[in-house]
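Comments concern the structure below.
Throughout, read-outs are computed from the coordinates displayed, never taken from laboratory work. This structure is a prediction, so every number in the text was calculated from the model and none was measured. Ideal geometry is used to build each Cβ from the backbone, glycine not excepted, and the neighbour counts take in all protein chains shown.
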Amino acid sequence: MLIGYYRNWPSGPKKQRETLEAAGCEKLYGEATPKAADRLKERQYATRTLRPGDELVIVAPEVLGRNQAEILEAMSEVHRISDGGAVIRDLSTGETVAWTPDVQGPLDFVARGVASLMTRRNRAGNEASRTRSGRKKALQGRKHAEAKADWHNPDLSGPQVAEKHGVSVQTLHSYFGPRSASPEG
């Protein structure tokens, strides 16, 4: 029997359910809106329902957990019945994984799930940081080099350098430190 498991995940529970139904899953278990008190209860139901010859079908390994510990916990739940032939099928790769004495396959599977989860989180974080607004640095590139040289030029006063470059004396001091006769570094 094909048993599908879904979770509140970026693609959304509805899309996952549709994908699992299209894959032929006869039973579906899912954490559409998991609560802390019901921590992965549906995943536990799904893995306890598995019988020899059954497949737990997921859209991707990271659906099993939000971190490595949760994914390993799911694999150990499947391990309890995998001796009888139950397996996990990953629809993202088409791979079928069983916990066997040779655990390299399942461990690789878990590692890919964790890597995929981290990649997705990093991508989301990078996207969020791109959309954050922030002040542009006042002195960049050639303007930075010119301001630094002027700041350390004893023929110019601090206020003159600040006015020339359109910044405050305090900004110049925070960029270049105390004034000296020759620029350092």
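First select every other residue whose beta carbon is under 14 angstrom from the beta carbon of Q160; then total the charges, Lys and Arg +1, Asp and Glu -1.
Working: positive: K164, R179; negative: E146, D150, D155, E163.
Charge balance in the 14 Å sphere: -2.
Could you give each residue of the range 165-172 its phi-based ³J(HN,Hα) in whole Hz, using Karplus coefficients 6.51, -1.76, 1.60 with θ = phi - 60°, and x for Gly or Pro?
Per-residue couplings from phi come out as 9, x, 10, 8, 4, 4, 4, 4 Hz.
A98 label point, 7 Å along Cα→Cβ, cut-off 19 Å on backbone N: hits in the range 41-57?
47-57
For L107 and E146, what does the FRET efficiency come to when R0 = 45 Å and r is the distance between their Cβ atoms, rounded to the nearest 0.05?
FRET efficiency, L107 to E146: 0.20.
What's the local net charge at T119, with K and R +1, D and E -1, over the other residues with C-beta under 11 Å away?
Neighbourhood net charge equals +3.
Can you sort E70, E62, E18 by how many other beta carbons sit within 10 Å, fewest first?
Exposure proxy ranking, most exposed first: E18, E70, E62.
In what order do M75, M118 fall by count of nearby beta-carbon atoms within 10 Å, going from fewest to most?
M118, M75
For Y6, which sequence-distant residues (separation of 5 or more, or a different chain) have an amide H within less than 5 Å of its own amide H, given hydrogens modelled in the peptide plane?
Placed amide hydrogens put Y29, G30, E31 under 5 Å from Y6.
Within a Cβ distance under 9 Å of T96, other residues only, what is the Lys/Arg minus Asp/Glu net charge?
So the surrounding residues net to -2.
Which order results if L72, L117, L56 are arranged by neighbouring Cβ count within 10 Å, fewest first?
Ordered from fewest to most neighbouring Cβ atoms within 10 Å, L72, L117, L56 come out as L72, L117, L56.
Can you spot the lysines whose alpha carbon is less than 23 Å from K41's alpha carbon? Ignore those fewer than 8 places along the same chain.
K14, K15, K27
Using the basic label-point model (7 angstrom from Cα toward the beta carbon), what is the H173 to M1 distance in nanometres?
7.6
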